[in-house]
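Structure, as structure tokens:
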Amino acid sequence: MLENSVWKQYNDENNFRQMLARFCKMEIDSFVEDDKVLYAVLKAKLTKKELKLFAMDSAQMDVKQLTDAMSMNEEELEKAKYKLYKKLKQDKVRLSFRASSRVS
């Protein structure tokens, strides 16, 4: 599952569910159960650059690696992180991750 995903490029473990719960301030049990579906929703809600930044930042890469990979300086990187995590906290994004909002 998700072997070729952006997440797996930077993270050994498939722990994006835990990271989403942490940044969205939600209970992990309230998420869509299927990882593929949840990852598809995540991809739909974030830009490619935001998804890459989320994966790299969650892998706890250092600032130098992040700035090089994202082609940004430190100030731009901090702004991008702020924007990303602000987006993950928005109700319209958080609600799309919930199992109850998904139609089977």
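Brief remarks on what is shown
- When residue 99 is tested against (1) in contact (Cβ under 8 Å) with a residue 40 or more places away in the chain; (2) open to solvent by 80 Å² or more (accessible area, probe 1.4 Å), just one condition goes unmet, and that condition is (2).
- Taken together, the residues in the range 66-92 that are under 10 Å from the mean Cα position of the chain (by Cα) and either over 25 Å from residue 26 (Cβ atoms) or open to solvent by 80 Å² or more (accessible area, probe 1.4 Å) (or both) amount to 0.
- Any hit, the range 7-20, residues being over 17 Å from residue 95 (Cβ atoms), of a type in the set (A, V, I, L, M) and at pLDDT 90 or above: yes
- The lone exception for residue 77 - which of (1) among the aliphatic types (A, V, I, L, M); (2) modelled with pLDDT under 95; (3) over 19 Å from residue 4 (Cα atoms) it fails: (2)
- Exclusive hit being in contact (Cβ under 8 Å) with a residue 60 or more places away in the chain and touching a helix residue (DSSP H, G or I) at 6+ places or on another chain (Cβ under 9 Å), set 8, 25: 25
- Among the candidates 42, 46, 2, 38, the residue that is modelled with pLDDT under 90 and not β-branched (Val, Ile, Thr) is uniquely 2.
The values are calculated or read from the model by the stated rules, or taken from the named source; none is laboratory data. What you see is a predicted model, and the numbers here were worked out from it, not measured in a lab. As a convention, Cβ positions derive from the backbone with ideal geometry for all residues, glycine included, and neighbour counts pool all protein chains shown. SASA here: full protein model, heavy atoms, side chains in, ligands and nucleic acids out. Shrake-Rupley method; radii C 1.70, N 1.55, O 1.52, S 1.80 Å.
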